[in-house]
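Enquirer: First, the structure itself, so that you have it in front of you.
Every number in this text was worked out from the coordinates using simple rules, so none of it is lab data. Just so you know, these numbers come straight off a predicted model, no measurement behind them. Using ideal geometry, Cβ is built from the backbone for each residue, glycine included, and neighbour counts are taken over all protein chains shown.
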Amino acid sequence: MAELYRRFGGGLGTLFLALVGAWLAGMVLAPNVMMIDYALRPNLPPSQIGGPSDVYSLDNILYLANEGVHRAIFFKTVWASALVALVTFLVCYPLAFWLAQHATPNQAAVVLLGLTIPFWINEVLRTLAWYILLAFRGPLNAFLLSLGIIDEPVRWYGDGGVLAGMAYAYILFMLFPIYNSIESLDKSQIEAARDLGASTWRIHWRVVIPHAKAGIATGCVFTFMLAAGSYVAPALLGAPGSRWFTEIIYNWFFEGGDWNRGAAYALVLLVLCLAVVLVTLRLARVSLTEVAK
Amino acid sequence: MSHSVELHQVGVTFGATRAVDDVSFNVEGGEFFSILGPSGCGKTTLLRVIAGFLHPTEGRILIGGKDMAALGPNQRPTAMIFQSLALFPLMPVWENIAFGLEARGVAKAERRRKADELLRLIALEGFGDRMPGELSGGQRQRVAIARALAVEPQVLLLDEPLSALDLKLRQHMRAELRSLQKRTGVTFIYITHDQSEALAMSDRVAVMSAGVVQQVGAPRELYDNPATPFVAGFVGETNAIPCTVKRIEAGIATVDSPHGTLTARAGSALAAGKAKLYVRPEALKPGNAAENALSATIERIDFEGAFALAHGATDDGKRLIASIASTDLAAAPAIGARARFGFDRANAVVLPDG
């Protein structure tokens, strides 16, 4: 902060601080405080708001705890998000390693551009593309049928479709942190391990992954959070059996008309995500500041 | 007995660049063998070819009599010490040392025992649980050597491992490397651009320039009998006197030079015509007594401790350097004076212009 003042002087420095402060207060703090406020109040008709029955309680949260279907969807969302993070990691790690250690600058540029171009269009449209690809009479089924791998079309919508759509949607959030961390690994470390007789598997397990740990944790945390809060992919690529918790929150707000219960559900999801993230970072022995880098 | 390492006409081409050209030499078992050359001469490429990180464009490499062509670096009986050392920073010292054993499936207790044994060998007993970042440069150096020795290689390949150390430590590590090599009996192939390092440690040295091995020989041999102008100029200080060969008789060349007629040993492949006479600074003695003499105007005398270097300019504008022992400094020529330096013909060599 002293550095900021030294560099920009009192006036400009104060302005920057005020802007950051206003952003944090208005865009981060206020909505969350409002959400907590909503979550803890009962859903009342306008005439009773502020009246004797408008008191703080945990009723909305307890409703979720006692509602079996919602509870099941909640936990399913949590572990399915973890699965999305795992699958995305498995896809991205070899690619990131190749990009960081083996690709020529030209190859890396082409691949990164190829990966980035789809992200120039909107997430809904990208997911719609998967909707078309995975359709019952769509190209993927036609292709697999023509190869004789399947005898009849597969219904991809559902858990598989959601997983594919999300892994694709969040690939860059996983790829870049891992790529950055592997890139800083000295090539001679890999050569030394190889020279000492280590197999490819051991080189990754003992040398590359420990070095890239912070990047891997960052990518997994990002992907997990995005997956848990995702709405488009489950809405388009899901089936009734693969409902996502965000869809239930959406329903409380816009179909059930119960903003308070919706806010309570959203609050529970937020708290659980935070807990999962902090525990993951703790287990990986990575600090939050490393992730922020 | 077969040689420890044999190189047969090894060549490496990168695109249009010829990094290593037709290199052949043998390294004997238990030998300290150095490859000396300026940066960019292809010596590191050659080392990486021996280690198996690069495949030669042509030629064969045999280690212990076995052709290495089909074997990767993890299958060869070699271990490499990298210029950056490449210790694994996230593993404690003992795991670093035992990494090669871990890769070979040795049980943990045995790995630890072996690591402790090697730590004793490198005089770092009790350092096993430290992290590499907590060690000094010289200690890290020794850990890298122990890590390479742990896999009991037939040949240890060292890629300028001392270049990051300061002078005092470097000199200390030279002696340590040398004694470690003699104690373990492992063949060392040592890459360096520092000629004093190569001369001080090695049993034999190969001098490389522009991808080509110029000469292989014992340090003394390279110094006293350089085979090519490059070796004469690169290994140690020397004075090169342009001259024309008049005749060669019984290994002694008689040449015409700006200093008059001089005689010196004739290098191999010397014929009549343009040549250079090479004479070391310490072979030049002030005074006129010897059979050969060079004259120069003394410009300055740099005192270096054990000796002083007299820098002079000859009449044809060439530099001349003569080394004068500190004990003889009183009799040294004065600065600005014209002085004559004599040398014995046995201490100078004439090589064809290359």
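Enquirer: Would you work out if the stretch A:1-110 is rounded, prolate or oblate? Take a ≥ b ≥ c from the square roots of the eigenvalues of the alpha-carbon gyration tensor; rounded if a/c is under 1.5, else prolate when a/b is larger than b/c, oblate otherwise.
Expert: Details: a/c = 4.58, a/b = 1.26, b/c = 3.65.
The shape class here is oblate.
Enquirer: Using a Gaussian network for chain B with springs between C-alpha atoms less than 10 Å apart, which of these wobbles most: B:ALA218, B:ALA325, B:ALA19?
Expert: Most flexible of the set in this elastic network: B:ALA325.
Enquirer: Which shape class, rounded, prolate or oblate, goes with the stretch A:85-190 when its Cα gyration tensor gives a ≥ b ≥ c as root eigenvalues, a/c under 1.5 marks rounded, and past that a/b bigger than b/c marks prolate?
Expert: Working: a/c = 2.38, a/b = 2.03, b/c = 1.17.
Taking the square roots of the gyration eigenvalues as a ≥ b ≥ c, the stretch A:85-190 is prolate.
Enquirer: Please compute the average number of Cβ atoms from other chains found within 10 Å of each residue's Cβ in peptide B:91-99.
Expert: Going residue by residue through B:91-99 and averaging, the value is 2.
Enquirer: Which cross-chain or sequence-distant (5 or more) residues have an amide H under 5 Å from the amide H of B:ASN292, H modelled 1.01 Å from N in plane?
Expert: B:PHE343
Enquirer: While we're on this one: What is chain A's relative contact order, in percent, from Cα pairs under 8 angstrom and six or more apart in sequence? Please report the intermediate quantities before stating the final value.
Expert: Details: 286 pairs, mean separation 77.8, N = 293.
Relative contact order, chain A: 27 percent.
Enquirer: Expressed as a fraction of 2.2 N^0.38 Å, the rule-of-thumb size for a compact globular protein of N residues, what is the C-alpha radius of gyration of chain B?
Expert: Numbers: Rg = 24.1 Å, N = 354, 2.2 N^0.38 = 20.5 Å.
The value comes to 1.18.
Enquirer: Which residue, A:ALA22, A:ALA275, A:ALA82, tops the fluctuation ranking in a GNM of chain A built on C-alpha contacts under 10 Å?
Expert: Looking only at A:ALA22, A:ALA275, A:ALA82, the largest GNM fluctuation is found for A:ALA22.
Enquirer: Another question, then. When A:TRP98, A:TRP23, B:TRP94 are ordered from fewest to most other Cβ atoms inside 10 Å of their Cβ, what list results?
Expert: On the way: A:TRP98 15, A:TRP23 11, B:TRP94 21.
Ascending Cβ contact count within 10 Å gives the list A:TRP23, A:TRP98, B:TRP94.
Enquirer: Right, next: How high is the relative contact order of the stretch A:1-85, in percent, counting Cα pairs under 8 Å that sit 6 or more residues apart?
Expert: 16
Enquirer: Work out the mean other chain Cβ neighbour count within 10 Å for the residues of A:201-211 and drop it here as an integer. All intermediate terms of the calculation are to be shown ahead of the outcome.
Expert: Values: counts 0, 4, 2, 0, 0, 7, 6, 0, 0, 4, 3.
Other-chain Cβ atoms within 10 Å of each residue's Cβ, averaged: 2.
Enquirer: Over the stretch B:5-229, what relative contact order in percent results from Cα pairs under 8 Å that are six or more residues apart? Spell out each step's value before the answer.
Expert: Working: 420 pairs, mean separation 65.1, N = 225.
Rounded, it is 29 percent for the stretch B:5-229.
Enquirer: Here is a further query. Starting from the Cα of B:LYS285, draw a straight line to each of the lysines and keep only those under 21 Å, dropping any in the same chain fewer than 8 residues away.
Expert: Correct list for B:LYS285: B:LYS276, B:LYS318.
Enquirer: Sequence neighbours fewer than 8 away in the same chain don't count; with that in mind, list the aspartates and glutamates whose C-alpha is under 19 Å from B:LYS66.
Expert: Cross-link targets: A:ASP195, B:GLU6, B:GLU28, B:GLU31, B:GLU58, B:GLU152.
Enquirer: Separate question: I'd like the mean, over residues of A:123-135, of how many other protein chain beta carbons sit within 10 Å of each residue's own Cβ. Don't skip to the end; give the middle numbers.
Expert: Details: counts 0, 0, 0, 0, 0, 0, 0, 0, 0, 0, 0, 0, 0.
Mean partner shielding for this stretch: 0.
Enquirer: Here is a further query. Name the residues whose placed amide hydrogens come within less than 5 Å of the amide hydrogen of B:ASN239, ignoring near sequence neighbours (fewer than 5 apart) on the same chain.
Expert: The list, which skips near neighbours in sequence, is B:VAL279, B:ARG280.
Enquirer: While we're here: With θ set to phi - 60° and the Karplus curve 6.51 cos²θ - 1.76 cosθ + 1.60, what are the ³J(HN,Hα) couplings of the stretch B:153-166 in order, to the nearest whole Hz, using x for Gly and Pro?
Expert: Once θ is set to phi - 60°, the couplings for the stretch B:153-166 become x, 6, 9, 9, 10, 10, 9, 6, x, 8, 5, 8, 8, 7 Hz.
Enquirer: Using a Förster radius of 51 Å, what is the FRET efficiency between A:LEU44 and A:LEU90 based on their Cβ-Cβ separation? Nearest 0.05, please. Numbers along the way, then the final one.
Expert: Working: r = 48 Å, r/R0 = 0.95.
E(calc), rounded to 0.05, equals 0.60.
Enquirer: Specify which residue in the list A:LEU115, A:ALA39, A:VAL28 is farthest towards the positive end of the charge dipole of the stretch A:24-150, using unit charges on the beta carbon of Lys, Arg (+1) and Asp, Glu (-1), about the Cα centre.
Expert: Sorting the options by dipole projection puts first A:LEU115.
Enquirer: Does chain A classify as rounded, prolate or oblate by the C-alpha gyration tensor (a ≥ b ≥ c root eigenvalues; a/c under 1.5 gives rounded; else a/b over b/c gives prolate, otherwise oblate)? Mind showing how you got there, number by number?
Expert: Numbers: a/c = 2.04, a/b = 1.23, b/c = 1.67.
Since a/c reaches 1.5 but b/c is at least a/b, the shape of chain A is classed as oblate.
Enquirer: Based on DSSP H assignment, which helices of chain A show an axial Cα extent of at least 24 Å together with a mean Kyte-Doolittle hydropathy greater than or equal to 1.6? All intermediate terms of the calculation are to be shown ahead of the outcome.
Expert: Working: long enough: A:68-97 (43 Å, 1.51); A:259-283 (35 Å, 1.81).
Those that clear 24 Å and a mean of 1.6 are A:259-283.
Enquirer: For the stretch B:84-91, in order, what is each residue's ³J(HN,Hα) by Karplus, 6.51 cos²θ - 1.76 cosθ + 1.60 with θ = phi - 60°, in whole Hz (x at glycine and Pro)?
Expert: Listing the rounded values in order: 7, 6, 6, 5, 7, x, 9, 10 Hz.
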